Amino acid sequence: MRLSAEFRSQFIQHEMRTHGRKNGFVTTGQEARLMKWLPIIGLPKDKTLAEAGIPTDSPVVMEIGFGNGDFLVHLAEQHADWTLVGVEIYLPGVAKAVCRLDDAGFIERTRITQLPAQFVLEHQVKEEELDGAFINHPDPWPKPRHHKRRIIQKDFATLLVSRIKPGGFIKLATDKPDLAEWMQSILDAMPGLTNVAGVGGFIDRDEDRPETKFEQRGIKEGRISQFLYYIKAS
């Protein structure tokens, strides 16, 4: 079914322009869990991360574009002390992620927003508030005229780096070689960031990293992922 009018009026921010899919189909059960959990763990536009009830001793790590939540669940399993902040504008993906996190028992260790990442970082996250950030398989926007829609741009990277604590990390993954080089060239040139693999380098896949549904689709089509890992100077 489509998301109900009640849900849309309560949670969707129509005035914020974004590119890519936003609405779609969910089950009745998925919408019910969204209605239950988003008032508790959601980050509406008038609420900051500092007001989200995060334990003071918990590292705070963000995933931008979490899809259906596969990687969020993996992070929660591997890092019991982390609070995870998930950012995703595709609402059926948000619905699936909330259900998966709830089923796995990790939902209360997450904060979820369906607002654009630019807005979240600019208005809801303070400088040096995040311990790390993941961006996995962002939309490649392959046509040259759409490259300006790619999430990694100089201004966005500058904003993201400002929100990472000294010693914190940014990790990225893509199976599009052109996009990998695009992100690398921007981030390698970013003041205060160090490419762990060296300038122009990519790291090996983390041994414990799962193959998400999206990545498995790419592998079947012959695409191999590349991984970038940056540390912010202390």
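Here's the yes/no breakdown for (1) over 22 Å from Thr174 (Cβ atoms); (2) at pLDDT 95 or above; (3) in a helix (DSSP H, G or I); (4) in contact with a Phe, Trp or Tyr (Cβ under 7 Å, 6 or more places away or on another chain):
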{"position": "Leu75", "(1), (2), (3), (4)": "no, yes, yes, yes"}
{"position": "Asp103", "(1), (2), (3), (4)": "yes, yes, yes, no"}
{"position": "Glu108", "(1), (2), (3), (4)": "yes, yes, yes, no"}
{"position": "Gly132", "(1), (2), (3), (4)": "no, yes, no, yes"}
{"position": "Ile135", "(1), (2), (3), (4)": "no, yes, no, no"}
{"position": "Pro142", "(1), (2), (3), (4)": "no, no, no, no"}
{"position": "His146", "(1), (2), (3), (4)": "no, no, yes, no"}
### Query
What is the residue count in the stretch 57-72 for residues that are closer than 16 Å to Gly132 by Cα and either in a loop (DSSP other than H, G, I, E, B) or hydrophobic (A, V, I, L, M, F, W, C) (or both)?
11
### Query
Can you pull out the residues in the stretch 152-175 that are in contact (Cβ under 8 Å) with a residue 60 or more places away in the chain and assigned to a strand (DSSP E or B)?
Ile164, Lys165, Pro166, Gly167, Gly168, Phe169, Ile170
### Query
Hey, any hits in the stretch 110-123 for a residue that's among the hydrophobic types (A, V, I, L, M, F, W, C), in a strand (DSSP E or B) and under 27 Å from Ala157 (Cβ atoms)?
yes
### Message
I need the full set of residues from the stretch 81-96 which are of a type in the set (Gly, Ala, Ser) and either more than 10 Å from the chain's Cα centre (by Cα) or part of a helix (DSSP H, G or I) (or both), in order please.
### Response
Gly93, Ala95
### Scan of the stretch 182-226 for residues that are more than 20 Å from the chain's Cα centre (by Cα), among the charged types (D, E, K, R) and closer than 28 Å to Asp155 by Cα, ordered by number
Asp188, Asp204
### Task
Being touching a Leu at 6+ places or on another chain (Cβ under 7 Å) and closer than 29 Å to Ser58 by Cα is the filter here, so list the residues in the stretch 127-151 that pass it.
Glu129, Ala133, Ile135
### Query
Does the stretch 176-234 hold any residues that are of a type in the set (Ser, Thr, Tyr) and either part of a helix (DSSP H, G or I) or surrounded by 12 or more Cβ atoms within 10 Å (Cβ to Cβ) (or both), and which are they?
Ser185, Thr194, Thr212, Ser225, Tyr229, Tyr230
### Query
Is at least one residue of the stretch 22-38 over 16 Å from Gly93 (Cβ atoms), loosely packed, with under 14 Cβ neighbours inside 10 Å, at pLDDT 85 or above and of a type in the set (D, E, K, R)?
yes
#### Entry: All positions within the stretch 24-56 that are outside any helix (DSSP H, G or I) and without any contact (Cβ under 8 Å) to a residue 24 or more places away in the chain
Asp46, Gly53, Thr56
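The values are calculated or read from the model by the stated rules, or taken from the named source; none is laboratory data. Here the structure is a predicted model, which is why all the values come from computation and not from measurement. Note that we place each Cβ from the backbone using ideal geometry, even for glycine, and neighbour counts take in every protein chain shown.
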